[in-house]
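These notes are about the structure you will find just below.
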Amino acid sequence: MAEPVPILPLTLSLSLSLSPVTDLLYWEDVKKTGSVFGAIILVMFSLTQFSSISVLAYLTLSILSVTISLRVYTSVLHLVYKTQERHPFQVYLDMDITLSQEQLRKYTETLLLYITSSINHLRRLFLVQHLLESLKVIGLLFYSVPIENWRGDQEMLFLPGELLRSGTRCLK
């Protein structure tokens with residue numbers, strides 16, 4: 001029988017690479033955290049009112065309208081004042097986003113390790129290697145369906161975020 005894939009090295013490497021996320025969760029920079037969580041709450045509220053496709057379309061439309069407006073504004077300033085103003089997003093357009101073979105191999109190995117670990121865990125749950133763990137999953141699924149129907153599909157998105165935020169506040 002194959003041994004389960006150890007998750008500890010992934011946890012350590014993941015905790016080192018998620019420092020901006022932990023800064024957000026611990027409210028290190030109040031303005032940045034407030035704007036990120038405010039945007040998340042706005043999107044979640046929008047999801048309670050509209051379909052996810054509509055919310056995605058409106059978000060994309062608003063981002064495009066802001067970037068096009070900024071591009072037209074800088075072009076008009078360039079024409080009126082005869083400045084040497086560059087494209088406002090040229091820095092981002094010039095960024096090199098290609099992955100080296102080493103980075104690609106590292107990310108692929110990490111993803112493969114996650115997938116393998118998840119499949120092994122799901123296999124142990126659904127093929128009842130440990131009865132108590134499988135019963136816990138049944139209980140979670142059994143009680144999550146009425147709660148989800150009661151609260152609504154979109155409102156269930158708030159729960160993991162609130163649990164994570166309040167859990168990190170308790171641990172701090």
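Enumerate the helices (runs of 4 or more DSSP H) found wholly within the range 27-95, keeping only those where 3 or more residues are within 18 Å of the chain's Cα centre (by Cα) and under 26 Å from ARG165 (Cα atoms).
30-49, 52-81
State the number of residues belonging to the range 96-117 that are modelled with pLDDT of 90 or more and within 23 Å of the chain's Cα centre (by Cα).
Within the range 96-117, residues that are modelled with pLDDT of 90 or more and within 23 Å of the chain's Cα centre (by Cα) number 15.
Against the condition assigned to a loop (DSSP other than H, G, I, E, B) and touching a helix residue (DSSP H, G or I) at 6+ places or on another chain (Cβ under 7 Å), how does VAL137 come out, does it pass?
no
Are any of the residues in the range 28-38 out of contact with any Phe, Trp or Tyr (no Cβ under 9 Å at 6 or more places or on another chain), at pLDDT below 80 and of a type in the set (Gly, Ala, Ser)?
Checking the range 28-38: not a single residue is out of contact with any Phe, Trp or Tyr (no Cβ under 9 Å at 6 or more places or on another chain), at pLDDT below 80 and of a type in the set (Gly, Ala, Ser).
Mind listing whichever residues of the range 100-123 are touching a residue at least 12 places away in the same chain (Cβ under 8 Å) and under 27 Å from ILE138 (Cα atoms)?
LEU113, TYR114, THR116, SER117, ASN120, HIS121
Among the residues of the range 79-94, what is the count of those that are open to solvent by less than 100 Å² (accessible area, probe 1.4 Å) and either within 18 Å of SER69 (Cα to Cα) or touching a Ser or Thr at 6+ places or on another chain (Cβ under 8 Å) (or both)?
6
Which residue pairs have Cβ atoms closer than 9 Å, lie 6 or more positions apart in sequence or on different chains, and pair a first residue in the range 48-63 that is closer than 24 Å to PHE89 by Cβ with a second residue that is in a helix (DSSP H, G or I) and open to solvent by less than 80 Å² (accessible area, probe 1.4 Å)?
As it stands, the answer is TYR58/SER46; LEU59/VAL43; LEU59/SER46, since those pairs meet every condition given.
Among the residues of the range 115-131, are any loosely packed, with under 10 Cβ neighbours inside 10 Å and either among the small types (Gly, Ala, Ser) or not in a helix (DSSP H, G or I) (or both)?
For the range 115-131, residues loosely packed, with under 10 Cβ neighbours inside 10 Å and either among the small types (Gly, Ala, Ser) or not in a helix (DSSP H, G or I) (or both): present.
The values are calculated or read from the model by the stated rules, or taken from the named source; none is laboratory data. Everything numeric here is computed off the predicted structure, so don't read it as measured data. Cβ coordinates were reconstructed from backbone atoms using ideal geometry, including for glycine residues, and neighbour counts include every protein chain displayed. SASA here: full protein model, heavy atoms, side chains in, ligands and nucleic acids out. Shrake-Rupley method; radii C 1.70, N 1.55, O 1.52, S 1.80 Å.
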